[in-house]
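Everything on this sheet refers to the single structure shown next.
The values are calculated or read from the model by the stated rules, or taken from the named source; none is laboratory data. Worth saying up front: this structure is predicted, and the values here are computed from it rather than measured. Note: ideal-geometry Cβ built from the backbone for every residue, glycine included; neighbour counts use all protein chains shown. Remember, those area values only see protein heavy atoms, side chains included, never the ligands or the DNA or RNA. Shrake-Rupley method; radii C 1.70, N 1.55, O 1.52, S 1.80 Å.
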Amino acid sequence: MLAKDSHYILVLLVAVFFAGFSSVINANTLNSDDLNNSFAVGEPLAVHDPLAVGTSLAVRNARVIVSDETDPIPSPLTATDTRIRLATGQGYYPFVSASLPQGGWSQALITQTFHQMGYEVDIHILPWSRGKMWTDEHRFLGTFPYVRSPKREQEYYFSVPINYIPVRFYVSRTSNITDIQELSGKRLCLPYGYSDEFASGGIVDRLNLKINRVVDGAGCIGHVQRGWSDAGLTNSYVSLNEVTNTRLIDDKLLVLPTEVEQVSVHFIISKSYPNGREWMDNFNQAFQQLSKDGTKAKIDHIFSQIIDSP
């Protein structure tokens, strides 16, 4: 929902997966943006939110702040700040999504983890590239959800896995491809900024796929529809018709049934952040406590039910 070198594997996927990964996929695709854009306070959770009503899982002190063009760039965090400031992207279903309770599956888990640590949080929703840059500048403690890569691991501390992305290939129906083995030696479309380091020894290497690069996930869908690429990658949780692009027609595409892999997504903190390693250790300890006491299982169950419902 999957976050530039960073989301959509941030990132492996079409739009939602490459949020950046565009509506994504991606995270984690990091597109360049007007850095003067900032924030405005978003709407509170709806009363029908299953995580906010009649349950001990509620975290009512979490504030969601969405992109706006009027407010100033946030100042760097300081040790005296009473609220923790986090960044995420503008859509990476179901991990970050305004249509889901608590802003999405990853957002709910991360908010609950900081609540377990004794902190209130402000979650800023903005373009992936800006969120990553301002995390690097210590304006945010960290950002999420991001996929591991060797390059990122040089720059960031990674949390334990928060969620897992089920990844599949999609192809044009006119290609008559129905099995991933038929993609051997063919062309795979990936957005610029989407890390292909997962390919080493993986499905891309095994199928000897050739990489075509485009601007974003929607561009990949267009590429595959027109036959300029033979396949793209998508988050199995979402339908290709969720990509915001009126030129795209979902019935021209086919998602192959075989799941390519499960890719973990994480909360990340810049290694240059003061006491960043200690912050991440404390986060991981709190997250593991949620797993032990059953809180994480309850949250996972709620989101699984919502995602699986017709």
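Observations on the model:
- Strands (runs of 3 or more DSSP E) fully within the stretch 214-285 that include at least 2 residues being at pLDDT 95 or above and open to solvent by less than 60 Å² (accessible area, probe 1.4 Å): 261-270.
- Hits in the stretch 141-164 (condition: in a loop (DSSP other than H, G, I, E, B) and not polar (S, T, N, Q)): 141, 148, 160, 161, 162
- Restricting attention to the stretch 94-140, the residues that are buried (at least 22 other Cβ atoms within 10 Å of the Cβ), aromatic (Phe, Trp, Tyr) and assigned to a loop (DSSP other than H, G, I, E, B) total 2.
- In the stretch 290-310, residue modelled with the lowest pLDDT [restricted to those that are in a helix (DSSP H, G or I) and open to solvent by 80 Å² or more (accessible area, probe 1.4 Å)]: 308
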